[in-house]
Amino acid sequence: MNDDKVLQKLVDIEAKIERFVTNEKFDKFSDRVMSTLDKQGVILQRLDQERLFTIERVKRIEADVDRIKLQLKVA
């Protein structure tokens with residue numbers, strides 16, 4: 001009877017070990033996550049640059065509008 005319990009525990013432990021994540025699986029998952037984060041970083045950097053360029057363009061347009069208002073004596 002004792003041998004049966006030991007064998008059953010051994011089978012249970014082996015089943016649990018099989019469910020663990022292997023280094024290879026973790027490396028693949030880690031690579032996928034890092035690749036996704038890199039892509040998102042590039043997208044965010046581009047969006048930030050576009051935002052800065054847009055702000056500067058709006059400033060130039062506002063300056064032009066102010067100058068035109070003065071010439072038209074609207075302001």
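The values are calculated or read from the model by the stated rules, or taken from the named source; none is laboratory data. Bear in mind the structure is a predicted one, so any value in this text is a computation, not a measurement. Because the Cβ atoms are built from the backbone with ideal geometry, glycine has one as well, and the counts that use them run over all protein chains shown.
Data overview
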quantity: Cβ pairs under 6 Å, 6+ apart, first in the range 61-75 and surrounded by 10 or more Cβ atoms within 10 Å (Cβ to Cβ), second in a helix (DSSP H, G or I) and not aromatic (Phe, Trp, Tyr); calculated: ALA75/LYS69
quantity: Residue in the range 36-56 that is within 29 Å of the chain's Cα centre (by Cα), at pLDDT below 95 and either among the β-branched types (Val, Ile, Thr) or surrounded by 10 or more Cβ atoms within 10 Å (Cβ to Cβ) (or both) present; calculated: no
